[in-house]
Structures are given as C-alpha cells and as structure tokens.
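Right, one structure below, let's go through it.
Every number here is computed from the coordinates shown, using simple stated rules; none is lab data. Just so we're clear, the structure is a prediction, and the values are computed from it rather than from any experiment. With ideal geometry, Cβ positions are generated from the backbone for all residues, glycine too; neighbour counts draw on all protein chains shown.
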Amino acid sequence: MKTAVEELTPTRVKLTIEVPFEELKPSLDKAYKELAKQVRLKGFRPGKAPAALIDQYVGRGAVLQEAVNDALPGLYGAAIEEQELFVLSQPEVEVTRLDDGKELEFTAEVDIRPSFEVPEYDGLPVTVDEAVVTDEEIAQTLDNLRDRFATLTVVERAAAEKDTVTIDLAVQIDGTDVEDAATKGFTYEVGSEGAVEGLNDAVTGLSVGESKTFKSTLPAGERAGEEADVTVTVQAVKVKELPEADDEFAQLASEFDTVEELREDVRKRLDRQKKLNQLSQARDNALEALLEKVEIPLPDSVVETELKRRNEQLDQQLTYSGLTRESYLAEEGKTAEEFEAELADAAGKAVKGGFILDQLALDEELGVENEELSEYVVSQAMQMGLPPQQLAQFLTENNQIPALVAEVLRSKALNLVVEHVKITDSAGNELDVERLRRQIDGESEQAEDAEGADDEAAEKKEESAAE
C-alpha cells in the first residue's frame with residue numbers, strides 16, 4: 001500500500017491511497033462467502049456456490065463493491081497510523097480507481113489536529129486569589145446556618161424586605177387568564193432573586209388581603225417571553241426569627257458542644273474551600289497562560305461540534321430549570337448575539353486547550369491506569385448523584401471509554417503543568433502545589449512542620465558531609 005498526503009489547510013489533509021489488488025484478497029474472499037449465502041443456485045447448497053458462478057449471477061462489479069466496502073476502513077486506518085495523523089472527524093472517502101486484478105485507489109479528506117509544539121511552561125507565572133478567611137465570612141456562614149434553623153412568626157403589618165410572604169398570583173394577557181402561570185399559596189422571601197420581574201416592588205407595602213397589579217414578562221410556560229398583567233394578593237406576612245449563636249445552638253446544629261468550637265470548624269472548612277479554589281484557579285489560569293503563548297489553527301468542524309454541544313447542554317439546563325433562553329439572556333443582561341459570541345469564544349478556547357493537553361500527554365508519554373479510570377468514574381458519579389456502577393455501564397454501552405481515557409489524560413497533563421508553573425497569590429505569596437494539596441487533604445500542620453524539620457536536618461547533614 002502506498003499513501004500520499006496533501007495538506008489542504010493546516011487542519012485538513014487529503015490522503016491518496018494506492019492498494020495492490022492482492023491486498024484485497026481477504027476482503028474479496030469474504031465477499032464471495034457472504035454473497036454465496038444469499039444466492040440460491042441449483043445443484044449447490046447455500047454458501048457453497050463457486051466464485052465463477054457468483055460472478056455470473058450477481059456480477060463481478062457487485063462482488064468488487066462488497067470487497068472494497070469491507071476493506072476501506074482497515075486500509076484507511078492503516079494509512080492514518082502509517083502517516084501518524086491525529087484525525088478529528090469522519091473522512092470523506094472517494095474511490096477514484098478500481099482496476100480488477102490490478103489496483104485500487106481511493107482518496108480520503110479528513111480534519112486533523114495541527115502540528116505545533118507545546119510552549120515552555122516551567123516557571124510560567126500564574127496568579128490566584130489569596131486564601132484568607134475573614135471574621136465576616138465566618139459570621140456570614142454562621143448566619144446562613146442559623147437561617148436554616150429559623151422559625152417564622154406571623155406579623156400584623158405590611159410586607160417588607162426579608163419578610164416571608166404567602167401570596168396568590170393571577171395572570172392575564174389581553175384580558176384572558178393564563179392558567180399555567182397562576183399560583184396560590186406561593187411562599188417566597190421579599191427581595192430574593194429569581195422572583196417574577198416586578199413582584200418584589202409590587203408586594204412591598206401590601207398587608208394581608210391587599211392586592212396589586214403590575215406588568216411583567218412571563219419567564220416560563222406556554223406564554224413565556226410575553227408581557228402579562230400579574231395580580232398579587234397577600235395571604236400572610238411572616239418574619240424570620242433566627243436562633244442566638246450560642247452553645248445551645250451549636251449543640252442543635254452540629255456535633256460540637258460550644259459555639260466557639262463550631263466557629264473554629266467553620267473557619268477550617270472555609271479555609272479548605274479557599275485552598276480548593278486556589279488549586280482550581282491554578283489549573284484554569286495555567287491553561288489560560290499556555291493558550292496565550294501559542295497560536296494554533298482550529299478546524300471549523302471541531303469548533304462547531306463543541307459549540308453545538310455547549311448549546312445543547314445549556315438548553316437542557318434551562319429546560320430543567322423551567323426557563324427559556326430569552327428569559328435567561330434577560331437575567332444575564334445580554335443580547336443573543338453577545339451570548340453566542342461568548343459561547344463561540346469559549347468553544348474555541350476549549351478546543352485549543354484540548355489540543356495543547358493532548359500534545360503534552362503525547363510528549364510526556366503519559367498513560368492511564370485502570371485505577372485512575374475507576375477513580376474518575378466514581379468522582380463523576382458522585383457529582384451526578386448516580387451509582388458508580390450505573391455510570392460505568394452507561395459509558396461502556398455507549399462507547400464512551402475512549403473519550404473518558406482522553407479526559408483523564410488531559411487532566412494528568414494539566415496537573416503536570418500546574419506542578420511546574422510558579423503560583424503566586426494576589427498578596428504576593430508563592431504557593432507550593434504539593435503542600436496545598438496536603439492541606440486540602442487534611443494533613444495536620446504538625447505533620448508539615450515535622451516534614452520541614454526533616455528536610456532541614458537532611459540539608460544540614462549534606463552540608464556537613466560536603467565540608
């Protein structure tokens with residue numbers, strides 16, 4: 001087999017593949033066997049008709065076509081492997097010559113990952129947020145916990161911000177009731193986000209039994225996006241009373257005996273979360289820094305596929321939330337054109353980042369062990385709220401294991417980058433990734449101090465030996 005490669009663009013090639021006819025023999029024999037099972041010739045049992053009679057019965061051309069269709073995938077795959085091409089799409093194949101007994105020639109146009117070198121990343125500067133837990137954050141977290149244990153008390157006054165109200169909503173468009181948008185006994189906190197546009201202003205100042213009508217755009221339902229007349233009627237006004245932040249509350253809301261112990265636990269949890277955020281930022285910002293250091297041509301088809309995937313994912317999320325894209329864009333304060341431009345930019349960056357990490361994994365000869373795949377499936381299943389075995393079965397049945405391997409490889413490649421960049425927080429403190437990971441995993445400061453002392457002792461010993 002002989003293969004010639006023509007570069008159509010930096011991301012698309014045309015392969016011209018010439019195959020000696022003898023290399024088609026296995027597929028030709030297979031074609032005769034398959035066709036022999038289908039034809040019925042007098043004097044021969046099914047599947048036993050000789051090749052010459054099959055040629056007469058169905059035609060030599062039909063046999064050749066069957067053989068070529070069988071052989072093409074393997075021949076194409078061998079050519080791709082021989083040329084060491086990283087293909088990104090299904091090929092457009094055309095048989096350009098088929099000389100019976102002599103030669104087969106076909107072409108295949110396909111998108112490929114462009115050739116490039118991963119930029120140097122050792123010591124690449126990356127900045128993350130400072131991980132400092134403030135008293136205000138601790139107090140806010142405690143207040144959020146107290147809010148979960150709050151009680152509601154009915155008050156005889158007009159509704160005000162932060163009150164919890166029970167309301168009825170009636171909706172009309174051009175004087176016709178919109179039943180699927182109406183509700184009774186709806187409870188919400190005045191001033192909270194996500195309410196019907198204009199509801200907070202309308203209900204503020206209303207007492208029990210009072211109503212007010214206002215204009216609003218319906219966020220969901222059959223008439224989503226249309227302007228309607230909404231009438232709100234207050235049925236009850238309640239004030240939220242939070243428990244005191246004392247030892248009794250600590251015993252009620254946690255496993256701790258005192259509120260000081262609870263505060264310390266909150267501080268540790270917030271500190272761990274901030275360190276997790278630092279590690280996540282380090283990964284994101286390290287990849288972003290790499291993206292800025294190299295220009296890579298991107299295949300339009302691959303970017304379009306990624307953009308389509310992101311649009312479908314967003315639509316699924318909006319459907320689950322009961323929102324339309326129009327209402328979502330209104331909340332975000334963006335036009336459809338602005339949002340599509342942002343989404344297209346994000347899709348392009350995702351494809352480019354994937355190229356870089358794929359190439360880095362090849363350069364560093366990274367591999368994936370079965371244990372790593374299992375750990376990844378378990379972590380993804382936990383995030384999705386599924387049993388790991390169920391997710392693993394789904395991935396296997398839908399041929400998603402290769403994509404899973406690629407995802408784990410990219411994660412390992414990015415981890416490698418993070419281990420070599422220079423990470424500094426916004427206050428100018430240089431961070432050590434390994435120490436950061438140990439702190440996140442809950443290793444004690446005493447263990448770190450002991451490790452530091454051991455390192456210092458070892459250094460002194462080496463210095464003494466050198467002297």
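General observations
- Each residue in the stretch 294-338 was checked for being β-branched (Val, Ile, Thr) and free of Cβ contacts under 8 Å to residues at least 12 places away in the same chain, and 3 pass.
Yes or no, residue by residue, for (1) surrounded by fewer than 16 Cβ atoms within 10 Å (Cβ to Cβ); (2) in contact with a Lys or Arg (Cβ under 8 Å, 6 or more places away or on another chain); (3) closer than 14 Å to Leu409 by Cα:
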site: Glu338; (1), (2), (3): yes, no, no
site: Leu343; (1), (2), (3): yes, yes, no
site: Ala346; (1), (2), (3): yes, yes, no
site: Asn370; (1), (2), (3): yes, no, yes
site: Ser374; (1), (2), (3): yes, no, yes
site: Ser379; (1), (2), (3): yes, no, no
site: Gly385; (1), (2), (3): yes, no, no
site: Gln389; (1), (2), (3): yes, no, no
site: Phe394; (1), (2), (3): yes, no, no
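- Residue in the stretch 398-406 that is more than 25 Å from Arg283 (Cα to Cα), without any contact (Cβ under 8 Å) to a residue 60 or more places away in the chain and surrounded by fewer than 17 Cβ atoms within 10 Å (Cβ to Cβ) present: yes
- Within the set Val178, Val203, Val190, Val196, the sole residue that is closer than 10 Å to Val234 by Cα and surrounded by 13 or more Cβ atoms within 10 Å (Cβ to Cβ) turns out to be Val203.
- Selection status of Ala131, in contact (Cβ under 8 Å) with a residue 60 or more places away in the chain and not in a loop (DSSP other than H, G, I, E, B): no
- Flag set for Leu252, criterion: among the hydrophobic types (A, V, I, L, M, F, W, C) and either surrounded by fewer than 15 Cβ atoms within 10 Å (Cβ to Cβ) or without any contact (Cβ under 8 Å) to a residue 24 or more places away in the chain (or both).
Here is a yes/no grid of residues against (1) of a type in the set (Gly, Ala, Ser); (2) under 30 Å from Thr204 (Cα atoms); (3) part of a strand (DSSP E or B):
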| residue | (1), (2), (3) |
| --- | --- |
| Leu75 | no, no, no |
| Ile80 | no, no, no |
| Pro114 | no, no, no |
| Glu117 | no, no, no |
| Gly123 | yes, no, no |
| Val126 | no, no, yes |
| Ile138 | no, no, no |
| Thr141 | no, yes, no |
| Leu169 | no, yes, yes |
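- Set side by side, the residues Glu264, Glu292, Glu340 differ, and just one is in a helix (DSSP H, G or I) and within 20 Å of the chain's Cα centre (by Cα), which is Glu340.
- Unique match (being under 27 Å from Leu416 (Cβ atoms) and either touching a Ser or Thr at 6+ places or on another chain (Cβ under 9 Å) or of a type outside the set (Asp, Glu) (or both)) among Ala344, Ala336, Ala350: Ala350
- Residues of the stretch 416-431 that are free of Cβ contacts under 8 Å to residues at least 40 places away in the same chain and not charged (D, E, K, R): Gly428 alone.
- Residue-level check: of (1) under 20 Å from the mean Cα position of the chain (by Cα); (2) of a type in the set (A, V, I, L, M); (3) assigned to a helix (DSSP H, G or I), Leu436 misses just (1).
- For Val128, the criteria (1) exposed (fewer than 12 other Cβ atoms within 10 Å of the Cβ); (2) under 26 Å from Arg283 (Cα atoms) hold in every case but one, which is (1).
- Scanning the stretch 295-330 for residues that are assigned to a helix (DSSP H, G or I) and among the hydrophobic types (A, V, I, L, M, F, W, C), we see that the one that is farthest from Thr9 (Cα to Cα) is Ala330.
- Residue identified as within 30 Å of Val232 (Cα to Cα) and among the aliphatic types (A, V, I, L, M) among Val128, Val133, Val171: Val171
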